[in-house]
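Below you'll find the structure, written out as structure tokens, and then a few comments.
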Amino acid sequence: LIYDSFAHYLVTEKGYDEDLLILAPDSLDFCCKGLVLDIEEGNFLKLAEDGTVLRASHGTKSMTFEEILKNYGRREWKHFNTVSGMVSRTAKYYLYDNYFDLPGALLCARVVDSLDQHDGQKKYDFWKDMVAAIQHNYKISAFKENCGMYFPEVKNHPDKYLQRCPESVKKWLKQLKNAGKILLLITSSHSDYCRLLCEHVIGNDFEEYFDILITNALKPGFFCHTPNQRPFRTLENDEEQEALLSLDKPGWYSQGNAIQLYDLLKKMTGKLDPKVVYFGDSMHSDIFPARHYSNWETVFILEELLGDKGTVPANAESEPLEKKGKYEGDQLKVPYFVSKQWGSFFMDRLPGLENAEETLVHTWSCKCISTYSTIAIPSLEAIADLPLDYRFTRFSSNGSATAGYYPSPPRALLPNEDSVMMK
């Protein structure tokens with residue numbers, strides 16, 4: 001749906017090739033989290049933790065090792081310092097780090113293919129049109145106005161696109177609240193879309209699960225410490241009202257910033273430095289900024305852990321969870337697979353130069369996980385049945401790159417594992 005929404009706009013409004021509207025099912029293999037689009041070159045890159053290019057494609061077409069060497073050499077990619085310092089995006093590159101964005105990566109790659117075919121371009125200028133397509137489909141008024149292709153379709157067929165929240169997770173949220181925890185929901189979606197999702201996924205009583213709801217939070221900006229922080233606003237009929245000078249009580253708000261939110265949490269808990277644990281699935285919008293700016297504990301929801309069935313750890317018998325069979329027998333569906341074109345999300349092989357042996361290296365995406373997450377889990381369901389006082393091992397506990405994965409590290413990171421699906 002996301003792919004179609006953007007493609008339809010490019011073709012009808014910007015005059016792009018109609019072939020973009022036809023999507024071959026196997027082309028979704030191109031979608032792999034952690035890719036960076038080098039916008040001017042029309043190249044997608046998979047980076048090692050030191051910034052060297054492990055794999056690349058021009059448009060959808062994989063580049064050979066020789067082509068990578070010729071274009072990028074064996075040194076860190078020119079924008080690596082910027083992207084790795086702030087897990088950022090600029091006019092020169094775009095980091096695809098969550099499933100909501102990923103279909104756009106495939107579309108951009110196909111746009112490059114199309115431009116090459118027709119114009120033989122060397123530098124690319126399609127990005128402004130992609131931004132316009134995103135804006136057209138997702139602007140704050142789009143849900144209300146029924147404009148674009150995305151919101152009308154989700155409104156009309158929610159069951160086709162939304163999975164209901166498992167009872168175990170709902171029970172867990174209630175347990176947390178009953179244990180005196182303050183529950184927050186912070187989303188960059190506007191309140192009208194958030195309500196549709198939550199009613200469908202959790203139920204009409206979804207507001208009872210949370211003390212504070214913040215919509216249109218505009219992450220990662222929500223966390224950034226800048227002089228011009230956005231104030232919180234109240235909502236009436238999904239319309240934002242005047243700015244608030246401070247946040248005084250729980251409730252549903254729009255926009256805002258982490259500093260005023262934290263002040264409210266201090267007031268509500270009576271503590272000088274209440275601990276916040278923040279769950280998110282985007283390194284760029286959630287995990288990095290919450291850790292870097294707010295120093296919150298971060299739990300990274302990483303679906304790739306489902307598609308990488310590691311061995312069950314030896315101590316699994318004594319664990320209260322690791323329900324064997326929870327995911328067994330399910331045919332792994334998109335996106336829980338390893339992309340044939342891009343290989344493992346966690347590791348890859350770096351070919352040796354001049355007959356030297358190839359080496360196994362961590363990807364930059366993998367490095368970010370152990371650097372900025374407290375722990376990483378495949379889903380909320382994976383921890384919902386654990387006792388609330390369960391002690392997780394953190395990534396930082398012994399400088400380990402694998403300690404924080406629950407229930408077990410991805411197979412690609414375990415030693416002596418030659419069947420790492422990377423060939």
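Work out how much length residue 205 to residue 18 would gain on full extension: take 0.36 nm times their residue separation and subtract the Cα-Cα distance, in nm to one decimal.
The span from residue 205 to residue 18 would gain 62.9 nm if fully extended.
Just to be sure I understand the model, the point goes 7 Å from the Cα along the line to the Cβ. What's the resulting residue 243 to residue 385 distance in nm?
Each label point is offset 7 Å from its Cα along the Cβ direction, giving 4.9 nm.
Only bridges with both residues in the chain count here: give the DSSP antiparallel percent, nearest 5.
60 percent
Please identify, among 351, 409, 231, the residue showing maximal mean-square fluctuation in a Gaussian network model of the chain using a 10 angstrom Cα cutoff.
351
Using the Karplus equation 6.51 cos²θ - 1.76 cosθ + 1.60 (θ = phi - 60°), what ³J(HN,Hα) coupling, rounded to whole Hz, does each residue of the range 21-30 give in order, writing x for Gly and Pro?
Result, ordered by residue: 6, 9, 10, 6, x, 6, 6, 5, 4, 5 Hz.
Just add up the charged neighbours of residue 257: K/R +1, D/E -1, any other residue whose Cβ is under 13 Å from the Cβ of residue 257.
So the environment of residue 257 carries a net charge of +2.
Here are some pairs, 174/271; 170/271; 171/340; 181/219; which of them have Cα atoms lying more than 30 Å apart in this structure?
Violating the 30 Å Cα-Cα cut-off are 171/340.
Label 7 Å along Cα→Cβ of residue 360; the range 34-60 residues with amide nitrogen under 13 Å?
none
Report the accessible area of residue 374, computed with a 1.4 Å probe over the heavy atoms of all protein chains in place, in Å² rounded to the nearest 10.
20 Å²
For the chain, what does -39500 (n - 2.57) per DSSP helix run (n ≥ 4), summed and divided by total residues, give at 222 nm, in deg cm²/dmol to the nearest 500?
-8500 deg cm²/dmol
What is the percent of Cα-Cα separations in the range 1-155 that go past 28 Å? Write down the numbers at each step before the final one.
Values: 2502 of 11935 pairs.
The calculated P(r) of the range 1-155 puts 21 percent of pairs beyond 28 Å.
Starting from the Cα of residue 157, step 7 Å along the direction of its Cβ; do the same at residue 50; then give the gap between the two resulting points in nm.
4.9 nm
Under a Cβ-Cβ cut-off of 9 Å, what is the net charge of the residues other than residue 238 that fall near it, where Lys and Arg count +1 and Asp and Glu count -1?
-2
If you count only protein heavy atoms and use a 1.4 Å probe, how large is the accessible surface of residue 186, to the nearest 10 Å²?
Spelled out: residue 186, probe radius 1.4 Å, area about 20 Å².
Please compute the net charge surrounding residue 273, taking Lys and Arg as +1 and Asp and Glu as -1 over other residues with Cβ under 14 Å from its Cβ.
Working: positive: 266, 267, 271, 275; negative: 263, 297.
Net charge in that neighbourhood comes out at +2.
Of 283, 347, 268, which has the largest mean-square fluctuation in a 10 Å C-alpha GNM of the chain?
268
Identify which of 273, 263, 389 has the largest mean-square fluctuation in a Gaussian network model of the chain, with springs joining Cα atoms closer than 10 Å.
389
Report the dimensions of the range 162-274 along its three principal axes from the alpha-carbon atoms, largest first, rounded to Å.
Each principal axis gives a Cα extent; for the range 162-274 these are 42, 33, 23 Å.
For a quick check of understanding: with a 1.4 angstrom probe and all protein chains in place, what accessible area in square angstrom does residue 235 have, to the nearest ten?
40 Å²
The values are calculated or read from the model by the stated rules, or taken from the named source; none is laboratory data. Keep in mind it's a predicted model, so treat the numbers as computed, not measured. So basically every Cβ, Gly included, is an ideal-geometry build from the backbone, and we count neighbours across all protein chains shown. Side chains are part of the model used for accessible areas, which takes the heavy atoms of the whole protein and leaves out ligands, DNA and RNA. Shrake-Rupley method; radii C 1.70, N 1.55, O 1.52, S 1.80 Å.
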